[in-house]
1. Only helices at least 30 Å long along their own axis, judged from Cα atoms, and with Kyte-Doolittle mean hydropathy of 1.0 or greater: name those in the chain from DSSP H.
2. Please report the relative contact order for the chain, taking Cα pairs under 8 Å with a sequence separation of at least 6, and give it as a percent rounded to a whole number.
3. What FRET efficiency would be calculated for the residue pair R40, A78, taking the C-beta separation as r and a Förster radius of 30 Å, to the nearest 0.05?
4. Work out, step by step, the length gained on full extension between F101 and A63: first 0.36 nm times the residue separation, then minus their alpha carbon distance; give nm to one decimal.
5. Tell me, what % of the accessible area of the chain is carbon and sulfur with a 1.4 angstrom probe?
6. What number, in nm² with one decimal, is the all-direction average of the projected area of the convex hull of the alpha-carbon atoms of the chain?
7. Roll a 1.4 Å probe over the protein chains and send me the accessible area per residue for the chain in Å².
8. Taking a cut-off of 16 Å between Cα atoms, list the lysines near K33, but don't count ones fewer than 8 places away on the same chain.
Amino acid sequence: MKTTEGAWVPFAVRIGIGAFYGGAHNIAYQIGKNQGWSWRSFRRGVYAGAVGYKYLKPIQIFAKSALAPATMGGSLVAGRVMTKYVQPRLESLKSQYPQYFRR
């Protein structure tokens, strides 16, 4: 009979690494947005990272980890672009067409 003791450890490690990198990317994104801190956004980043890393093979995790500084820089730039270009245009659309943006 084959035992399964400890079979969950690699799975838990992958989820933990993914959650860490998801949180780190979200921190970079929020710094790029240059607005107040959002725990909701941080939670979503951690969750997305954990789910995204859940089924990766070790070599894929190593490759993503090696590229993490560059991709965090991309998250920082994405936050800047969102604050400078996307949000002002969205706000002008909301004021111009309020009937399409009701809650």
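1. Working: long enough: 8-33 (37 Å, 0.52).
Qualifying helices: none.
2. Values: 90 pairs, mean separation 34.6, N = 103.
Relative contact order for the chain comes out at 34 percent.
3. Numbers: r = 18 Å, r/R0 = 0.58.
Computed FRET efficiency for R40 and A78: 0.95.
4. Details: separation 38, 0.36 × 38 = 13.68 nm, distance 4.11 nm.
So the extension gain works out to 9.6 nm.
5. Working: 5180 of 7970 Å².
Accessible surface attributable to carbon and sulfur in the chain totals 65 percent.
6. Numbers: hull surface 38.2 nm².
The Cα convex hull of the chain, projected and averaged over all directions, gives 9.6 nm².
7. Numbers: 7970 Å² over 103 residues.
Here the per-residue accessible area is 77 Å².
8. Within reach: K84.
The values are calculated or read from the model by the stated rules, or taken from the named source; none is laboratory data. Note that the structure is a prediction, hence the values are computed from the model and not measured. When we count neighbours, we look across all protein chains shown, and the Cβ atoms used for this are built from the backbone with ideal geometry, even at glycine. SASA here: full protein model, heavy atoms, side chains in, ligands and nucleic acids out. Shrake-Rupley method; radii C 1.70, N 1.55, O 1.52, S 1.80 Å.
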